[in-house]
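Undergrad: Just passing along the structure, written as structure tokens.
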Amino acid sequence: MNPVTQQRAASRQALPAEPESPGGDEATASTDGRAARWQHHRLQRRAELIRAARRAVHRLGPEASMEDIASSAGTSKSVFYRYFGDKSGLQQAVGEVVLDRMQARIREAVQEAPSPAEGLFAMVNAYLQMAETSPNVYAFVTQRNSGENGGPGPAQDATFGHFLNAVTDMIAQPMAELLAEPGALLDYWPRAAIGLVRAAGEQWLQSPPGPQRPSQADMATTVTSWLVDGVRPMVAPPAPTDRHHADQHHESRHAGTTPRPAPIPGKEEHHD
């Protein structure tokens with residue numbers, strides 16, 4: 001150690017410990033400022049990686065590997081692992097962004113609807129519209145797959161579960177307004193409804209293009225009618241058969257001897 005270095009070391013040792021001073025506050029503030037800037041940079045970089053992952057999945061499909069996604073983003077796989085841990089973590093991060101936007105769009109559609117029935121249609125329509133925008137991204141954030149690490153994990157499941165719970169609550173309100181006498185069983189309906197919307201919507205997304213595939217608006221209208229009216233209006237009455245006519249003829253000959261079954265409400269009886 002040269003004399004100058006020895007002198008500086010001695011002077012540092014000779015300085016007594018002092019309480020915090022204005023200079024110390026400035027040093028702490030400077031450190032906090034750097035930490036805040038670094039945290040902002042990390043959040044910004046994380047958001048950029050999520051956007052890049054969405055673009056990659058939209059183009060490559062929901063089975064895209066972390067290496068494929070990183071290559072499409074122009075960076076290394078290790079960068080994605082550093083920010084998201086693994087593929088399940090990336091799916092959760094992308095899912096939070098996508099599902100938050102979908103939930104906001106559904107809420108906006110409901111608020112703009114002039115009636116409860118149209119509110120239900122608005123929710124179904126917004127759900128299908130957002131899913132159709134990118135079926136690959138929708139599948140990436142909602143479905144388990146055979147990708148690396150076994151696909152989505154519990155955290156990602158919790159993200160989608162939170163979204164379903166929020167949409168279920170939104171569905172319950174217009175349905176309560178539609179029913180003249182809502183009862184305890186109404187509590188079961190929203191959960192069943194969102195299950196129907198999701199199952200029908202995902203099958204529709206996977207259907208190949210063609211004349212048999214309904215448009216997004218037609219699908220939303222049909223699903224909404226299922227939620228409100230069920231399928232009864234779409235069920236045609238059974239065609240009369242020879243056995244049916246024979247039974248009625250037998251009844252007419254023995255009128256008053258055998259009780260007749262009550263007619264189905266809304267259906268006309270057939271007479272010979």
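The values are calculated or read from the model by the stated rules, or taken from the named source; none is laboratory data. The shown structure was predicted, so the numbers you read here are calculated from the model rather than taken from an experiment. All Cβ positions, even for glycine, are placed from backbone atoms using ideal geometry, and neighbour counts span all protein chains on display. Heads up: the accessible areas ignore ligands, DNA and RNA and are worked out on the full protein's heavy atoms, side chains in. Shrake-Rupley method; radii C 1.70, N 1.55, O 1.52, S 1.80 Å.
Undergrad: Can you sort Glu67, Glu108 by solvent-accessible area, 1.4 Å probe, largest first? Provide the component values of the computation, followed by the final result.
TA: Values: Glu67 115, Glu108 85 Å².
Final ranking, largest accessible area leading: Glu67, Glu108.
Undergrad: Give me the net charge of Gly201's neighbourhood, meaning all other residues with Cβ under 15 Å from the Cβ of Gly201; Lys, Arg count +1, Asp, Glu -1.
TA: Working: positive: Arg105, Arg198, Arg213; negative: Glu132, Glu202, Asp218.
Local net charge: 0.
Undergrad: Using only alpha carbon positions, build the gyration tensor of region 46-114, then give the equivalent ellipsoid semi-axes as the square roots of 5 times its eigenvalues, largest first, whole angstrom. Provide the component values of the computation, followed by the final result.
TA: On the way: eigenvalues 161, 27, 17 Å².
Equivalent ellipsoid of region 46-114: 28, 12, 9 Å, largest first.
Undergrad: Report Val97's accessible area, 1.4 Å probe, all protein chains in place, as a number in Å² to the nearest 10.
TA: The accessible area comes out at roughly 40 Å².
Undergrad: Quick one: net charge of Ala117's neighbours, Cβ under 11 Å, K/R +1, D/E -1?
TA: Spelling it out: positives minus negatives among the neighbours equals -3.
Undergrad: Just to make sure I understand: if all protein chains stay in place, what is the order of Glu177, Glu96 by accessible area at 1.4 Å, largest first? Display every interim value, and only then the final one.
TA: Details: Glu177 110, Glu96 70 Å².
Result, largest first: Glu177, Glu96.
Undergrad: Next question, about the same structure. State, to one decimal in nm, how far the label point of Tyr83 lies from the label point of His41, with both points 7 Å from Cα in the Cβ direction.
TA: In this crude label model, Tyr83 to His41 measures out at 1.4 nm.
Undergrad: Quick check: at a probe of 1.4 Å, how many percent of the accessible area of region 33-94 sits on carbon and sulfur atoms?
TA: On the way: 1620 of 3430 Å².
Reported share for carbon and sulfur atoms: 47 percent.
Undergrad: Turning to a different aspect of this structure: Show Tyr188, Tyr81 ordered by accessible area, largest first, where the area counts protein heavy atoms only and the probe is 1.4 Å. Can you show the working numbers first?
TA: Details: Tyr188 160, Tyr81 75 Å².
Final ranking, largest accessible area leading: Tyr188, Tyr81.
Undergrad: Counting only heavy atoms of the protein chains, get the accessible area per residue of region 193-241 (1.4 Å probe) and round it to a whole Å² value. Don't skip to the end; give the middle numbers.
TA: Values: 3040 Å² over 49 residues.
Per residue, region 193-241 has an accessible area of 62 Å².
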